[in-house]
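Notes to accompany the following structure.
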4 protein chains.
Amino acid sequence: MTELERHAARLRAFAAARDWEQFHTPKNLAMALAGEVGELVAELQWLTPDESRALDPETLARVTAELGDVTNYLVRLADVLGVDLVAAASAKLDTVERRYPSDAYRGSARKAPPASP
Amino acid sequence: MTELERHAARLRAFAAARDWEQFHTPKNLAMALAGEVGELVAELQWLTPDESRALDPETLARVTAELGDVTNYLVRLADVLGVDLVAAASAKLDTVERRYPSDAYRGSARKAPPASP
Amino acid sequence: MTELERHAARLRAFAAARDWEQFHTPKNLAMALAGEVGELVAELQWLTPDESRALDPETLARVTAELGDVTNYLVRLADVLGVDLVAAASAKLDTVERRYPSDAYRGSARKAPPASP
Amino acid sequence: MTELERHAARLRAFAAARDWEQFHTPKNLAMALAGEVGELVAELQWLTPDESRALDPETLARVTAELGDVTNYLVRLADVLGVDLVAAASAKLDTVERRYPSDAYRGSARKAPPASP
């Protein structure tokens, strides 16, 4: 088992032990994921880009906790849907690499990344 | 290297090859993550909970692609911040398990999961 | 002045009095809006569709507060950008009405609304 | 009728004419709102704060359209729940004004706004 598969199994057991599978519809889990990403975004919303690169310890701890919550709902949602997250992510990255070949998109001139790859 | 570490390295190389690290501030990456979670939520917004458990092939393919995008930005953001995603997720799960012990939260009566653990 | 214009003026004065305009870039305000929408979504994430139609008083009070926060950031963002919210909303509704004429989209057969109009 | 009440009535008629009220549960409308806020955020995600203050005409047009979509779902959600948006927003602003009195929060020193008021 990969690290993610072990974690998905742990989340599965957590939900089963509390009889919470009834609440873990993909619809609800997607909402929970959106809620946690909202909390993550709120931690960075007033910072400048440079400040966001150099978080003080307390902010980094809170951001780490939110990243943990986001990961839990993402892994749980993928597990309920039967989706392999890293396979899906790799496939998307293959697509974006082809669409934005590095030789055409490198350089000192600012070539902005795609708004939504 | 774990599967996630390999994927983070791939995303790091992808950004470096295009000189896009300048855009990958945690602030921007958190926004990109929110954008992709929005696209994921939009795929399920009109479905009933049961319909969301039984997606047709086309919808599942689109949801899988969005899960891929979400994963890419989450892994990239964690990498830029130096955060171990599975460690953070496990730590949060430890906390939630202690806060909602299964013997107190199991049963036929509906004990709703926390709004935000 | 319309009700919204009066409220936008109030938010403008609120920011000016605290010297907070420096933080109210459209980028930051969009993030704040996403954070508040996340909190709103979290209030409804474990409810069934029917339960979401019949909120108990405490939940309705919390949802109302979140709707207030969302409205404040939306109105402030539009004001900073010089966008008339109701004009923009009306224009989008004109577009969607033409794209989904009611005679073609009414009926007992389930014709789902567009995922993203 | 205020401008917002007229717009809410227009949205109500739009949904009724297409027999779409069945899809307009608060749960679904909150998801739709999150989806549209995601699209708005995506328009600004790679911009610097200063660039976000000076959008080119094409980007401003797309942002205006997204603000229109966000407003439509926010007004529709509030109408379905029976919530007065401006009253809720004003009440929240009263609360934040008391919590962050301007004489204590003004000055050249950077006093950051609250992460989530």
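The values are calculated or read from the model by the stated rules, or taken from the named source; none is laboratory data. What you are looking at is a predicted structure, and each value in this text was computed from that prediction instead of being measured. Positions of Cβ are backbone-derived with ideal geometry, glycine not excepted, and every protein chain shown enters the neighbour counts. To get the accessible areas, we keep the full protein, side chains included, count just its heavy atoms, and leave off ligands, DNA and RNA. Shrake-Rupley method; radii C 1.70, N 1.55, O 1.52, S 1.80 Å.
Odds and ends about this structure:
- Conditions (1) open to solvent by 30 Å² or more (accessible area, probe 1.4 Å); (2) more than 7 Å from every other protein chain (Cβ to nearest Cβ); (3) modelled with pLDDT under 95: number failed by residue A:112: (2)
- Residue B:82 being open to solvent by less than 20 Å² (accessible area, probe 1.4 Å) and in contact with a helix residue (DSSP H, G or I) (Cβ under 9 Å, 6 or more places away or on another chain): no
- Qualifying residue in the range C:63-84 (condition: among the charged types (D, E, K, R) and within 30 Å of residue A:19 (Cα to Cα)): yes
- The range C:52-66, subset within 15 Å of residue D:31 (Cβ to Cβ) and either among the charged types (D, E, K, R) or within 12 Å of the chain's Cα centre (by Cα) (or both), residue nearest to the other protein chains (Cβ to nearest Cβ): C:53
- Residues satisfying the stated conditions in the range D:1-50, i.e. more than 28 Å from residue C:25 (Cα to Cα) and in contact with a Pro (Cβ under 6 Å, 6 or more places away or on another chain): D:20, D:23, D:25, D:27
- Matching residues in the range A:46-79 - criterion: being small (Gly, Ala, Ser), closer than 21 Å to residue B:80 by Cβ and surrounded by 21 or more Cβ atoms within 10 Å (Cβ to Cβ): A:52, A:68
- Any hit, the range A:24-33, residues being in contact with an Asp or Glu (Cβ under 7 Å, 6 or more places away or on another chain) and either within 14 Å of chain C (Cβ to nearest Cβ) or in a helix (DSSP H, G or I) (or both): no
- Selection status of residue B:42, under 18 Å from the mean Cα position of the chain (by Cα), crowded, with 22+ Cβ neighbours inside 10 Å and not polar (S, T, N, Q): yes
- Checked against the criteria, residue C:37 does not count as surrounded by 18 or more Cβ atoms within 10 Å (Cβ to Cβ) and under 22 Å from residue D:54 (Cα atoms).
- Subset of the range B:85-98 [of a type outside the set (Gly, Ala, Ser) and open to solvent by less than 50 Å² (accessible area, probe 1.4 Å)]: B:85, B:86, B:92, B:93, B:95, B:96
- Exactly one residue among B:97, B:39, B:58 is of a type in the set (Asp, Glu) and in contact with an Asp or Glu (Cβ under 9 Å, 6 or more places away or on another chain), and that residue is B:39.
- The range D:1-23 residues that are more than 9 Å from every other protein chain (Cβ to nearest Cβ), paired with ones that are surrounded by 16 or more Cβ atoms within 10 Å (Cβ to Cβ) (beta carbon under 6 Å, 6 or more apart): D:8/D:75; D:8/D:79; D:21/D:15
- Within the range C:76-89, the set of residues being closer than 30 Å to residue C:55 by Cα, more than 7 Å from every other protein chain (Cβ to nearest Cβ) and not charged (D, E, K, R) comprises just one member, C:77.
- Test: residue B:47 is more than 30 Å from residue A:104 (Cβ to Cβ) and at the interface with chain D (Cβ under 9 Å from one of its Cβ atoms): yes
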